[in-house]
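I have placed the structure first, in the form of structure tokens, so that the comments after it can refer back to it.
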Amino acid sequence: MATGATVGAWALVLSLWGAAAGSRNLTAQIGKPLVLNCKGAPKKPPQQLEWKLAPLLCPQNTGRTEAWKVLSPQGGPWDSVARVLPNGSLLLPAIGIQDEGTFRCRAMSQNGKETKSSYQVRVYQIPGKPEIVDPASKLTAGVPNKVVEENGSRTWSQEWEGSVAKCVWSLLLSKMMRSLFPQVGTCVSEGGYPAGTLSWHLDGKPLIPDGKGVSVKEETRRHPETGLFTLRSELMVTPALGGAPHPTFSCSFSPGLPRRRALHTAPIQLSVWAPEPVPLEEVQLVVKPESGAVALGGTVTLTCEAPTQPPPQIHWIKDGTPLPLPPSAVLLLSEVGPQDEGTYSCVATHRSHGSQESQAVSISIIETVEEGSTAGSVGGPGLGTLALALGILGGLGIVALLIGIIMWRRWRHQGEKRISPIFLPRKAPENQDEEEEERAELNQSEEPEAAESNAGGP
């Protein structure tokens, strides 16, 4: 009688809370009882049947992940987790994540007929309603914000308030500045299984991240004890100029199992502030090297500076003709050749201020002396010219010296032909008388010569 009362009580519980399963694939909510029927089993003892169960071999399972376990009507060590009822069905009083897997029953009827049953069981847990935390109140159109980014490790810790356990973030942060889209808010879903996904909507339509005007940063955490998931999705948006002044954002949670309804947050409405455009200041063209003169094969960098927000589009002009280049604030001329010489300017175009052109700069090529001709010289072309002049003067001096030597030798040769008689030196007379005698003899010898010359005259 007691056995019948127990069976009746279980039948009542199962009818109210359980899921009597006859299909091969089924899902059950975590913590609820589940009954699996064994087809072909005798309705009352004696019974010949056995149940085998093999939970999923997934990393997140914390329960029975080993080989098949056998349960029989006689009971066993798994009675606290699963037990065979008198009618041959298998009862799981409170199914958990560890119970996901395959369940099989093999029964033998009284006439010897064998019947097999097999079930694939998946469990789920509906999370709490998602919500948007830290929502923004205002967005700035067209301009990303400079925000503080927090980097570091995030871990879960458990704190108790009475008998209730709470999961708390533990952060070790390092801060840095970087440019981000304005933050709309963070959507949070806690306590779900499987993990599921979070998605955002703008004015009721799906909002797809594109990395330009829309960016989403997602994070998934799993509780180490319960195995349930917490999802966080941070939405950042840069509204377009001229867009809706009061966009409405919402977030939804989609379960990881089919035929489960999505959960939605309450929508939030933000206002969009469009900043007044900054007047376009004078456009500056900066050239490096500053002179605009560069050696053949060198590099020239032209930078167009137009300090305004939003940044204008920059186009380039050479010798009065637009260059067929994509918009860019920097023009790089590498391996400069004669074809790159000319006059350059840039044009900044802003949709609110029109176009403005910079002053033009000239790019020219410097002629350089060949390396072999300037070897050993220091100081550039000035000293080279001086050395050339000194060389010419030195050459002229050598020529003049050679001419002088030649002229001197010629003069000497001619002089030897015109030499006057050379008188040999005589000894000085010892006395005056001897001197007078010599003069007399000389005069006597000259007189006959003169007479002969006169006699032979006309």
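Got the relative contact order for the stretch 284-366 handy, in percent, Cα pairs under 8 Å and 6 or more residues apart?
After rounding, I find 36 percent.
So how far apart, in nm, are the two label points at ALA274 and LEU323 if each is 7 Å from Cα heading toward Cβ?
Going from the ALA274 label point to the LEU323 one covers 3.4 nm.
For SER254, what is the net charge nearby, where nearby means another residue's Cβ is under 11 Å from its Cβ and Lys, Arg count +1, Asp, Glu -1?
+2
What FRET efficiency comes out for the pair LEU296/THR140, r = Cβ-Cβ distance, R0 = 60 Å, nearest 0.05?
0.75
Can you give the local net charge around GLY292? Use residues other than it whose beta-carbon is closer than 12 angstrom to its beta-carbon, Lys and Arg +1, Asp and Glu -1. Mind dumping the intermediate values first?
Numbers: positive: LYS288; negative: GLU290, ASP340, GLU341.
Computed value for this residue: -2.
Let me check I've understood the local charge: for THR343, count other residues with C-beta under 11 angstrom from its C-beta, Lys and Arg +1, Asp and Glu -1. What total comes out?
Net charge around THR343: -1.
Label LYS113 and GLN359 with points 7 Å out from Cα along Cα→Cβ: what is the distance between them in nm?
Roughly 10.4 nm, to one decimal.
Estimate the FRET efficiency between ILE403 and GLU367 by the formula 1/(1 + (r/R0)^6), using the beta-carbon distance for r and 45 Å for R0, to the nearest 0.05. Before the final figure, lay out the partial values.
On the way: r = 39 Å, r/R0 = 0.86.
So, using R0 = 45 Å, E works out to roughly 0.70.
Nearest 20 debye, what's the magnitude of the dipole of the stretch 284-366 about its Cα centre given +1 on Lys and Arg Cβ and -1 on Asp and Glu Cβ?
Its charge dipole is roughly 240 debye.
Every number in this text was worked out from the coordinates using simple rules, so none of it is lab data. These numbers come from a predicted model, not from an experiment. Counting neighbours? That spans all protein chains shown, and the Cβs are built from the backbone with ideal geometry, glycine included.
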